[in-house]
1. With Asp236, Asp243, Asp226 as the choices, which residue is within 15 Å of Ala171 (Cβ to Cβ) and acidic (Asp, Glu)?
2. Can you name the condition, by its number, that Arg190 falls short on among (1) in a helix (DSSP H, G or I); (2) under 22 Å from the mean Cα position of the chain (by Cα)?
3. Do we have Glu66 as at pLDDT 95 or above and among the acidic types (Asp, Glu) here?
4. Can you say whether Asp146 is closer than 18 Å to Ala233 by Cβ and within 23 Å of the chain's Cα centre (by Cα), as far as the supplied structure shows?
5. How about segment 206-232: which of its residues are within 19 Å of Leu139 (Cβ to Cβ) and exposed (fewer than 12 other Cβ atoms within 10 Å of the Cβ)?
6. Taking the condition of being assigned to a strand (DSSP E or B) and either at pLDDT below 90 or under 21 Å from Arg115 (Cβ atoms) (or both), how many residues in segment 78-92 meet it?
7. Checking the conditions here, which among Ser184, Ser174, Ser102 is at pLDDT below 95 and not in a loop (DSSP other than H, G, I, E, B)?
8. Quick check on Ser85: is it in contact with a strand residue (DSSP E or B) (Cβ under 9 Å, 6 or more places away or on another chain), buried (at least 17 other Cβ atoms within 10 Å of the Cβ), closer than 21 Å to Leu175 by Cα and among the polar types (S, T, N, Q)?
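The values are calculated or read from the model by the stated rules, or taken from the named source; none is laboratory data. Keep in mind it's a predicted model, so treat the numbers as computed, not measured. Counting neighbours? That spans all protein chains shown, and the Cβs are built from the backbone with ideal geometry, glycine included.
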Amino acid sequence: MTAPRPALSLPDHVSPEHRRLLAEVAERNLAEHGDDLVAMVLTGSAARGMTTPRSDVDVYVVLTDEGARRRTTRRSETVDEIPVSVAELEEVPVFGTQWWYSRWSFAWAPVLMDRSAGRVGAAVRRQAVVDVAEAESVLLEHDRLDGWLNYAYRALKNDRDGRGLERRLDAAESLPWLLDVVFSLAGRVRPYHKYLPWELRTHPLPGWDADELLGLVTGTLDGDPDALRTTFAEVDSRCRAHDARRPRPVLGPVIDAWGRDLELLRP
């Protein structure tokens, strides 16, 4: 008996050519794996409406544990198929480990087919969010908040002392730390740089205008002291708001520990 053609739920922006390729991937994997094929998840540029004529299609092929043991990543000029088991998908890598940054590949990623009664969809959504405990681990245990303050302070100190190149270098160095801070505070994994403007414009951080934040990012890269100070004021406010929802403050004390040096950071 011939296996039924798998039905795919595709976003409207997926091109006809990519639709054809994804249908081929689904049919081939169904033929190869049968009931071991659990789901397919679209990622990369095709998932987010950002393809160019040079874009390939990136898709996670979600398999049972047994099915995943028999598969390796399959790459071609047009399609990359990344096998993953349901159990692996439900594991949530912690900050600082090898697979932490792979988590964003699941952010806003459409599940094209799901034979798991929603289990895969829930796992995909969980990969891309940061709960309160994770956020505080990123900000405190991994020093992303204090580290960002350190680089921002050094940049402003260099500005005060007339060291223009040094100011710009420290300001640029502060950006990865800053992005970890603002996205963790919003309960999200930081996006890859390629997708930062897309995410901020299509899924804005609560209470923060996308173009305003992107302007501060650009200003920070330029070493603009006003951008650094405006960013500090916004981050400080968000840290205090986070603390107000917790039994005791945990982020404000990190900022307050800078004491009189905060005068250089404040607008």
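1. After ruling out the rest, the residue left standing is Asp226.
2. With respect to (1) in a helix (DSSP H, G or I); (2) under 22 Å from the mean Cα position of the chain (by Cα), Arg190 is out only on (1).
3. Here the answer is no, as Glu66 does not meet what is asked.
4. yes
5. Scanning segment 206-232 gives Pro206, Gly207.
6. Counting residues in segment 78-92 that are assigned to a strand (DSSP E or B) and either at pLDDT below 90 or under 21 Å from Arg115 (Cβ atoms) (or both) gives 6.
7. Ser102
8. For Ser85, the condition - in contact with a strand residue (DSSP E or B) (Cβ under 9 Å, 6 or more places away or on another chain), buried (at least 17 other Cβ atoms within 10 Å of the Cβ), closer than 21 Å to Leu175 by Cα and among the polar types (S, T, N, Q) - is not met.
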